[in-house]
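A.B. asks: Dropping the structure in here first, questions after.
The values are calculated or read from the model by the stated rules, or taken from the named source; none is laboratory data. Keep in mind that this is a model prediction, so the values were computed, not measured. Neighbour counts run over all protein chains shown; Cβ positions are idealised from the backbone, glycine included. Note: accessible area is taken over every heavy atom of the protein model, side chains too, but ligands, DNA and RNA are not part of it. Shrake-Rupley method; radii C 1.70, N 1.55, O 1.52, S 1.80 Å.
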Amino acid sequence: MGMTMTQKILAAHAGLDSVQAGQLIEADLDLVLGNDITSPVAIHEIEKMKVDGVFHKDKIALVMDHFVPNKDIKSAQHCKCVREFACKNEITNYFDVGEMGIEHALLPEKGLTVAGDVIIGADSHTCTYGALGAFSTGVGSTDMAAGMATGKAWFKVPSAIKFNITGKPAPWISGKDVILHIIGMIGVDGALYKSMEFVGDGIQYLSMDDRFTIANMAIEAGGKNGIFPVDEKAEAYMKEHSKRPYKVYEADEDAVYDEEYTIDLSTLRPTVAFPHLPENTKTIDEVGDITIDQVVIGSCTNGRLDDLKIAASILKGKKVKKGLRVIVIPATQQIYLDAMEAGYIRTFIEAGAIVSTPTCGPCLGGYMGILAENERCVSTTNRNFVGRMGHVDSEIYLASPAVAAASAITGKISSPEEV
């Protein structure tokens, strides 16, 4: 019986010739990730283990990004805890104010994630790195603690769903539209504990930023991970950003998949997820007249340079609708700099938006964009659960940077074609 991409990576890291879906394995880890919310819990757990330090100071990444710069005393205490742990254990990849970015944009940019890796992170969107052909998945803080101590983790080998990506997307169609379309099609539990494996000739038309977005939101369909084959674009990205060796794994021709779907990119329309689940999708043609109070462009899903470029191209020379709040958050310091040099930051400010230092802030209802009762927000983030960005009676509409920017101009959910 053949193996999928994910199964081959897990077999190699478990020291086995082969694995099959449902099998329990212990795998070696290439990277363990934590942030300012999840790391303190893991640190307190690792202290209980009475272990002598961490398994490898170069293979742990601690990124202060959720409530940083600190929004209150509790978040400051959390960061202090992680800072002291990083210093005590000489953690190489500790990123604090001035160096930090949103973790899932920062780690690939820093070259810490490459093809063939097994990566766990105490954050559900750790599945982002599958865009580079790695197996990466979110875990709880206790598993993070065990990973930091031992360099190993237990997994149940996932079965897989194959998504055949074909066709060439129309203008304004991005990775966000692709993954929202897929989640709308299969549901938020349609890939529960399964590997979402994306293949097909249409992938050539997806930028790396598109692929990061798609892999990032695999968890929103219940997926254990999302993964792409390693092509020339992925190799070029890794060679530009990383000095680490990488290993390419390809699915066997007789690999077993639970389901297969074909996604023709040429047929997709800009897609919006209505409250209160990412599966509640409508195309822009079905939206109707939905007025909004706020727009957020950023997050680990859509705060990369391509995202800001698209938003700036729509906002350039135009003004944000009077009475609307627009918050733009570059995902890393480097993206902020690149956007500044490209003129995007000036475009945003002249249009009437504000630009923030990198932070997860508004995505999880932390700060920098909390919603009041009955307010509506178009957001390029990844979740629109009840109360996710503030009041339980607020509403979040998930969309691409293009739709978000167009909506910022009109004051209602709009297609970029309209502006």
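A.B. asks: Hey, what's segment 118-219 come to in accessible area per residue, 1.4 Å probe, Å²?
C.D. replies: On a per-residue basis, segment 118-219 sits at 26 Å².
A.B. asks: I've got another one for you. Could you calculate the contour length gain from Arg346 to Lys74, that is, 0.36 nm times the residue separation minus the distance between their Cα atoms, to one decimal place in nm?
C.D. replies: 94.5 nm
A.B. asks: Another question, if that's okay. At 0.36 nm per residue, and after removing the present C-alpha to C-alpha distance, how many nm does the segment from Glu286 to Leu192 gain when stretched out fully?
C.D. replies: Result for the pair: 31.0 nm of gain on full extension.
A.B. asks: Another one. For the chain, just run the numbers: alpha carbon Rg, then divide by 2.2 N^0.38 Å, N being how many residues it has.
C.D. replies: Cα Rg divided by the expected 2.2 N^0.38 Å: 0.94.
A.B. asks: Turning to a different aspect of this structure: Which of the GluC sites (Glu not before Pro) found in segment 61-130 are loop residues per DSSP with 12 or fewer other Cβ atoms within 10 Å of their Cβ?
C.D. replies: Counting only loop positions with at most 12 other Cβ atoms within 10 Å, the GluC sites (Glu not before Pro) in segment 61-130 are Glu90.
A.B. asks: Among the trypsin sites (Lys or Arg not before Pro) within segment 1-50, which fall in a DSSP loop and have no more than 16 other Cβ atoms within 10 Å of their own Cβ?
C.D. replies: Here the sparse-neighbourhood loop sites are Lys50.
A.B. asks: Then there is this: Could you sort 136-142, 212-218 so that the peptide with the highest average Cβ count within 10 Å comes first and the rest follow in order?
C.D. replies: Going by the mean number of other Cβ atoms within 10 Å, highest first, we get 212-218, 136-142.
A.B. asks: Each label point is 7 Å from the Cα along the Cα-to-Cβ direction; what then is the distance between the points at Lys322 and Ser207, in nm?
C.D. replies: Roughly 3.4 nm, to one decimal.
A.B. asks: Between Phe385 and Lys57, what length comes free when the chain is fully extended (0.36 nm per residue of separation minus the Cα-Cα distance, one decimal in nm)?
C.D. replies: Value of the extension gain: 114.5 nm.
A.B. asks: Give me the percent of accessible area attributable to carbon and sulfur for the chain, probe 1.4 angstrom.
C.D. replies: For the chain, the apolar C and S fraction of the accessible surface comes to 50 percent.
A.B. asks: With runs of 4+ DSSP H residues as the only contributors, calculate the mean residue ellipticity of the chain at 222 nm using -39,500 (n - 2.57) per run, divided by the residue total and rounded to the nearest 500.
C.D. replies: The helix contribution divided over the chain gives -8500 deg cm²/dmol.
A.B. asks: Here's another thing I want to ask about it. Modelled label-to-label distance, Ser18 and Ser266, 7 Å Cα→beta-carbon offset: nm?
C.D. replies: 3.8
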